[in-house]
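> Input: one structure, supplied below.
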Number of protein chains: 2
Amino acid sequence: MQRRKFLKTAGAGAAAATTVAAPALAQGQPELKWRLASSFPKSLDTLWGGAELFCRRVSELTDGKFKIQPFASGEIVPGFQVLDAVQNGTVEVGQTAAYYYIGKDITFTFDTAVPFGLNSRQHVAWWMHGGGREAMAEFYKDYGVVGHMMGGTGAQMGGWFRKEIKTVDDLKGLKFRVGGFAGQILGKLGVIAQQIPGGEIYPALEKGTIDAAEWVGPYDDERLGFYKVAPYYYYPGWWEGTGMGTAYINQKAWDGLPPAYQKVIETTADEVTLWMLGKYDNGNPAALRRLVAAGVKLQPFPTAVLEACFNATNEVCNEIVAKNAKFKKVWDIWKPYRSEQVLWSRIAEGGFDGFMARMYGAGKV
Amino acid sequence: MQRRKFLKTAGAGAAAATTVAAPALAQGQPELKWRLASSFPKSLDTLWGGAELFCRRVSELTDGKFKIQPFASGEIVPGFQVLDAVQNGTVEVGQTAAYYYIGKDITFTFDTAVPFGLNSRQHVAWWMHGGGREAMAEFYKDYGVVGHMMGGTGAQMGGWFRKEIKTVDDLKGLKFRVGGFAGQILGKLGVIAQQIPGGEIYPALEKGTIDAAEWVGPYDDERLGFYKVAPYYYYPGWWEGTGMGTAYINQKAWDGLPPAYQKVIETTADEVTLWMLGKYDNGNPAALRRLVAAGVKLQPFPTAVLEACFNATNEVCNEIVAKNAKFKKVWDIWKPYRSEQVLWSRIAEGGFDGFMARMYGAGKV
């Protein structure tokens, strides 16, 4: 380190405060061509847009030397096999949601969302400053990948229901297309969770094969047309107070990168996170407005339903903690962190947002 | 574009999917040395930490070729003269808060905070996707600088008060150390706004020369010791639902950069934004806990006070719109955007955060 610093200082000695031609000392970085497999289709310009931005920016930052070509879900591997493709070196990078792999280990869920967990800001704080990154890095060692936070949806909606949910009893026997962990929790309350790929949800909901389905939020949901066949649009999606994305990089490919390229990947992934949260926030309001104008019945889950789900979540998490040491290791860092984050975010953020919401309700914003 | 693509493809033809030595085609980027003047002191590891991260990362991403050395407030120029130093080329980059320059034009405030304005997520959406960046770029043309969002505090606290604020009348004659725009608004309600540099606030508050003072939030405020002399800690800081930072770059210096270095600056600034918001969110909870343990009386501004301030804000903004065309130009984009953002953020984000806050209050989180 010291030696390197000396060399740099010596080499830069002739440089004035403005542009000078590069001395021969530090020759160019290597040219690289990588492939990225995404879990998302090209039709979603938010999630897939994040993959495109990532690849374009890595190229721009390296003056075109480090090229990563993005492939959508199904082009190289199916969307739910992105992690495997990175592990086995089929591609160097994957853009995905970590919780697609909870079938391997429920611990993956921490990198995307935990039901009644952190919101997006809180997740960023946990991952960047609260030990989250390090805790997950240790977990990922067993999978031969490096994971980096990349992209996020913000708090999601609770989904589309053909019938109104008035009481906890209305959940009994409900056939609900919902992600893995939430499905497991809702099972405690009698819900029959369904796993159905995005493209098949609409016909299932239309025919009544399922009673309800959740996806992301207004901007993405509108495109899938659920509002035409299931009029009740509930919030919040308590299983995803945030839905963070993850970039996986094959460990060997990562280790072979020059340090500058490693930083290029990390910094770009952080930019994508900011960009994607902003893109969802930018697109959701108008989509929500259009949906409501089309007759959608927008309503909050009844408090008693949320409380029952909250209790069921604690029950399931405690069961997992008792039998999964890897989950417990992250949980023991994550849970007190969540508590501290809610302690704080109720105050200035919550106070500000709450007042603005009331002024909006009064027609003053 | 087509030609460049052809050249790149031809040049990379010999490259396999893994690392190869760089061909002679794209030789190295120039070595550069720049200076950054910050508005913030080294004692604040959040704000100043952002300047350090920015400079370190730019160097890392360019393999040490593009070096920017950060200087704290007062080292090259005083904290409030950073924009001027960038304009006149004393330094190439400044890290500051745009609203320090509302004395030149109130329009600067849009890049930091507007009272009862956007929260941090909403500001990011506006700046990156809602036309904010472009609107401000046009405004900055007259100043010979390029501005890029960099860093942010999150929603701030309402400050430290020696006496309780029970009614709007309690604001009359109150000597309050508060930022420029909020001071102007509070003047409508009888407050005597004071402009006092950070280091002089404590003695003024202790002696009773002023009755109240605001800074940022628990993490920064604790270090300045205000809680020892003004026990009432109010929230929210309605004048800063976010407090975004800005990096200014001298236009000529910017124009002389290779495109890759321009992107390095932008992408790094975005990473700093994510990092700094996370750092504040990470540090605030424990600081707030310590302050409350030390006897601080944490309480929300009374609703009637917030409403009076909200009305005064609208009054002042309307006065400015009527006489400042540059302000009006941004306001006309920004105001409807705020409305749409609040429309949406009440739903999934607000529904989720509100429920978690209630569970926290019930001792369940």
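The values are calculated or read from the model by the stated rules, or taken from the named source; none is laboratory data. Note that this is a predicted model, so its numbers are computed, not measured. For neighbour counting, all protein chains shown are included, and Cβ atoms are generated from backbone atoms with ideal geometry for every residue, glycine included. The area values use the complete protein model at the heavy-atom level, side chains included, leaving out ligands, DNA and RNA. Shrake-Rupley method; radii C 1.70, N 1.55, O 1.52, S 1.80 Å.
> Where in region B:111-202 are there strands (runs of 3 or more DSSP E), lying wholly inside it, with at least 2 residues that are open to solvent by less than 30 Å² (accessible area, probe 1.4 Å) and at pLDDT 95 or above?
Those strands (runs of 3 or more DSSP E) span B:145-152, B:159-161, B:175-177.
> Hey, another quick one. Taking the conditions exactly as written (open to solvent by less than 10 Å² (accessible area, probe 1.4 Å), in a helix (DSSP H, G or I) and not charged (D, E, K, R)), does A:V91 satisfy them or not? Lay out the reasoning, then the answer.
Values: open to solvent by less than 10 Å² (accessible area, probe 1.4 Å): yes; in a helix (DSSP H, G or I): no; not charged (D, E, K, R): yes.
Spelling it out, it is not the case that A:V91 is open to solvent by less than 10 Å² (accessible area, probe 1.4 Å), in a helix (DSSP H, G or I) and not charged (D, E, K, R).
> Oh, and also: Is it true that some residue in region B:337-344 is under 26 Å from B:L186 (Cβ atoms), away from chain A (no Cβ under 12 Å) and of a type in the set (G, A, S)? Explain how you work it out, then say what you get.
Quick first cut of region B:337-344, residues under 26 Å from B:L186 (Cβ atoms) only: B:337-339, B:341-342.
Within this subset, residues satisfying the condition of being away from chain A (no Cβ under 12 Å) are none.
Looking for residues that are under 26 Å from B:L186 (Cβ atoms), away from chain A (no Cβ under 12 Å) and of a type in the set (G, A, S), one finds none in region B:337-344, hence no.
> Additional query: Sort out which residues of region A:203-221 are open to solvent by 40 Å² or more (accessible area, probe 1.4 Å) and within 24 Å of A:Y280 (Cβ to Cβ), and write them in order of number.
Correct list: A:W215 only.
> Looking only at region A:221-277, which residues are polar (S, T, N, Q) and within 26 Å of A:L118 (Cα to Cα)?
If the condition is that a residue be polar (S, T, N, Q) and within 26 Å of A:L118 (Cα to Cα), then A:T242, A:T246, A:T267, A:T268, A:T273 are the ones that fit.
> I would also like to ask the following. Yes or no: B:A322 more than 13 Å from chain A (Cβ to nearest Cβ), surrounded by fewer than 15 Cβ atoms within 10 Å (Cβ to Cβ) and closer than 24 Å to B:I185 by Cα?
So B:A322 fits the description; yes.
Listed here are the residues, each with its yes/no results for (1) more than 15 Å from the chain's Cα centre (by Cα); (2) at pLDDT below 95; (3) more than 18 Å from B:Q262 (Cα to Cα); (4) polar (S, T, N, Q).
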| site | (1), (2), (3), (4) |
| --- | --- |
| B:A15 | yes, yes, yes, no |
| B:A26 | yes, yes, no, no |
| B:W34 | yes, no, no, no |
| B:L61 | yes, no, no, no |
| B:A85 | yes, no, yes, no |
| B:G89 | yes, no, no, no |
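> Which of the residues belonging to region A:43-85 are surrounded by 24 or more Cβ atoms within 10 Å (Cβ to Cβ), away from every other protein chain (no Cβ under 14 Å) and assigned to a helix (DSSP H, G or I)?
A:L47, A:A51, A:V82, A:L83
> Run down A:W275, A:W344 and say which single residue is open to solvent by less than 30 Å² (accessible area, probe 1.4 Å) and not acidic (D, E).
Details: A:W275 fails: open to solvent by less than 30 Å² (accessible area, probe 1.4 Å).
Checking each option against the conditions leaves just A:W344.
> Would you check which residues across region B:288-307 are hydrophobic (A, V, I, L, M, F, W, C) and at the interface with chain A (Cβ under 9 Å from one of its Cβ atoms) and list them?
B:L288, B:L298, B:F301, B:L306
> Restricting attention to region B:347-363, and to residues there that are of a type outside the set (A, V, I, L, M, F, W, C) and more than 7 Å from every other protein chain (Cβ to nearest Cβ), which single residue is most open to solvent (accessible area, probe 1.4 Å)?
So, considering only residues that are of a type outside the set (A, V, I, L, M, F, W, C) and more than 7 Å from every other protein chain (Cβ to nearest Cβ), the one most open to solvent (accessible area, probe 1.4 Å) is B:R358.
> Looking at A:D255, A:D270, which is the one that is charged (D, E, K, R), closer than 22 Å to A:V86 by Cα, over 21 Å from the mean Cα position of the chain (by Cα) and modelled with pLDDT of 95 or more?
Result of the check over A:D255, A:D270: A:D255.
> Okay, moving on. Which members of region B:243-254 meet the condition of being touching a strand residue (DSSP E or B) at 6+ places or on another chain (Cβ under 9 Å) and either more than 9 Å from chain A (Cβ to nearest Cβ) or crowded, with 24+ Cβ neighbours inside 10 Å (or both)?
B:G243, B:M244, B:G245, B:T246, B:A247, B:Y248, B:I249, B:N250, B:Q251, B:W254
> Return the pairs, sorted by first residue and then second, in which the second residue is surrounded by fewer than 23 Cβ atoms within 10 Å (Cβ to Cβ) and part of a loop (DSSP other than H, G, I, E, B), the first residue lies in region B:167-188 and is hydroxyl-bearing (S, T, Y), the beta carbons are less than 9 Å apart, and the residues are 6+ apart or on different chains.
B:T167/B:P302
> Here is a follow-up. All but one of (1) open to solvent by less than 10 Å² (accessible area, probe 1.4 Å); (2) under 22 Å from the mean Cα position of the chain (by Cα); (3) more than 9 Å from every other protein chain (Cβ to nearest Cβ) hold for A:G225, so report the exception by its number.
(2)
> What number of residues within region A:278-305 satisfy the criterion of being open to solvent by 10 Å² or more (accessible area, probe 1.4 Å) and in contact with a strand residue (DSSP E or B) (Cβ under 8 Å, 6 or more places away or on another chain)?
7
> Test B:Y235 against the criterion of being open to solvent by 30 Å² or more (accessible area, probe 1.4 Å) and in contact with a Pro (Cβ under 7 Å, 6 or more places away or on another chain), and give yes or no. First the steps, then the outcome.
On the way: open to solvent by 30 Å² or more (accessible area, probe 1.4 Å): yes; in contact with a Pro (Cβ under 7 Å, 6 or more places away or on another chain): yes.
Yes.
> Scanning region B:349-365 for residues that are assigned to a helix (DSSP H, G or I) and among the small types (G, A, S), which turns out nearest to the chain's Cα centre (by Cα)?
B:G350
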